[in-house]
Amino acid sequence: MNNGDEPDYTRMREAIELTHGHIFILGTIVFFSIINWIIKTKGPPKSLSDEEWKWRNLYVSWVHAFCSSVWVLSSMIFCSEMFSDLFHYINHFTYFCVCFGTGYFIYDSLDLLVNNRLLQMWEVVLHHLAVTSMFYYNVNIRAQIAFSIVALSVEVNSFFLHWRKLLQMVKTPFDSPLYLTIKYINLVTFAVFRGVPLYVITYSVFTMGHMVTTAYYIGICLSMFVMDVLNVILFWRLLKSDLLRGPSGSPRSKQHSALHHESKTNGHVTSNNHSGNVPNSVMKEE
């Protein structure tokens, strides 16, 4: 019973039709399939004819990151009351934002399947399975939506991370004003939109664990441990690549050939040096 002072999240939750959520997820899959078709029809730059799928997959992910960033930031600004109850807060605007993210990860997993990339990008497939299952679970129970919004805020950084990679693929000079701008914005947004959400969710795992099932709690703990480690590794690689190397003409001039072959996989980029592929996103719990 609502005392009149506290939001009636139960009523808000019941006002959201689960069927509408499923339809929205399906619509998102169709939307990104159309975006993929448009990009495929236009084709990549001539210099990337041998990397057509990689370019297309990364470009679609860039579009997703832009859309998600706008939606997530709007949610945080106009629905700021969510931060007072990350567990129970819900409304249509935030709920469909999570549906949008869920649909995208399903689409991208299907894209990997259709293009026979499952084994080649197995770590991305595992990441997508974890992300999609967690998001889809939250969509179905219509809870933990605000937590999912916080997790999705990593897409703000993904937008610049993917932009940086697209610039690398077309061999944009590393000392060009555009590349330098994106490079530094990427580092700043990494710290803010990956570091902060990671801290918030990790902290909440320990303080609000009693509010979820044991199975869900174990899954969250394992996921956050992996994501904490992976994001530290990725940030260190970015620092080494973009800050700790010499100016143009020094070792950094070799970035395009060896140290900076990052294969994008949907909202996530992995490093292709053979020491191991590391997904660059917070567990999207997202």
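Set the Förster radius R0 to 25 Å, insert the Cβ-Cβ distance between residue 76 and residue 118 as r into 1/(1 + (r/R0)^6), and round the FRET efficiency to 0.05.
Efficiency, from the Cβ-Cβ distance: 0.15.
Calculated FRET efficiency, residue 126 and residue 168, Cβ-Cβ r, R0 22 Å, to nearest 0.05?
Once rounded, the FRET efficiency stands at 0.30.
For a quick protection proxy, order the peptides 120-128, 206-214 by their average other-Cβ count within 10 Å, most packed first.
Output ranking for 120-128, 206-214: 120-128, 206-214.
Working with all protein chains in place, sort 8, 111 by solvent-accessible area computed with a 1.4 Å probe, largest first.
Highest to lowest solvent-accessible surface, that is 8, 111.
Considering the range 1-119, what Rg and Dmax in Å follow from its alpha-carbon atoms?
In Å, with Rg to one decimal and Dmax whole: 18.3, 64.
What is the packing order of peptides 183-194, 34-45, taking the mean over residues of other C-beta atoms within 10 Å and listing the highest first?
183-194, 34-45
Which percent of the Cα-Cα distances in the range 147-197 go past 12 Å?
Of all Cα-Cα pairs in the range 147-197, 61 percent lie more than 12 Å apart.
For the range 165-178, just list the computed ³J(HN,Hα) in residue order, Karplus coefficients 6.51, -1.76 and 1.60, θ = phi - 60°, integers in Hz, with x standing in for Gly and Pro.
Along the range 165-178, the couplings run 5, 4, 5, 5, 5, 8, 6, 5, x, 5, 9, 6, x, 5 Hz.
Specify the inter-centroid distance of the range 16-31 and the range 109-168, based on alpha-carbon positions, in whole Å.
So the separation of the two Cα centres works out to 17 Å.
Show me, for the range 57-70, the HN-Hα J-couplings you get by feeding each phi into the Karplus relation (A = 6.51, B = -1.76, C = 1.60, θ = phi - 60°), rounded to Hz, glycine and proline as x.
Values, residue by residue: 5, 5, 5, 4, 5, 4, 4, 4, 4, 5, 4, 5, 4, 4 Hz.
Note down the nm distance, to one decimal, between modelled labels 7 Å out along Cα→Cβ at residue 66 and at residue 10.
With each label point 7 Å from Cα toward Cβ, the separation is 4.4 nm.
Assuming R0 = 51 Å, can you tell me the calculated FRET efficiency for the pair residue 92 and residue 244, based on Cβ-Cβ distance, to the nearest 0.05?
0.65
With +1 on each Lys and Arg Cβ and -1 on each Asp and Glu Cβ, and nothing else charged, work out how big the dipole of the range 1-76 is about its Cα centre, in Debye to the nearest 20.
540 debye
If you plug each phi of the range 33-41 into the Karplus form 6.51 cos²θ - 1.76 cosθ + 1.60 with θ = phi - 60°, what whole-Hz ³J(HN,Hα) values come out, in order, with x for Gly and Pro?
Karplus-based 3J(HN,Hα) across the range 33-41 equals 5, 5, 4, 4, 5, 4, 5, 5, 5 Hz.
Can you tell me, using C-alpha contacts under 8 Å and at least 6 residues apart, the relative contact order of the range 152-235 as a whole percent?
31 percent
Between residue 17 and residue 202, what length in nm is gained on full extension when 0.36 nm per residue of separation is reduced by their alpha carbon distance?
63.6 nm
The values are calculated or read from the model by the stated rules, or taken from the named source; none is laboratory data. Every value quoted in this text rests on a predicted model; they were computed, and no experiment measured them. When we count neighbours, we look across all protein chains shown, and the Cβ atoms used for this are built from the backbone with ideal geometry, even at glycine. Heads up: the accessible areas ignore ligands, DNA and RNA and are worked out on the full protein's heavy atoms, side chains in. Shrake-Rupley method; radii C 1.70, N 1.55, O 1.52, S 1.80 Å.
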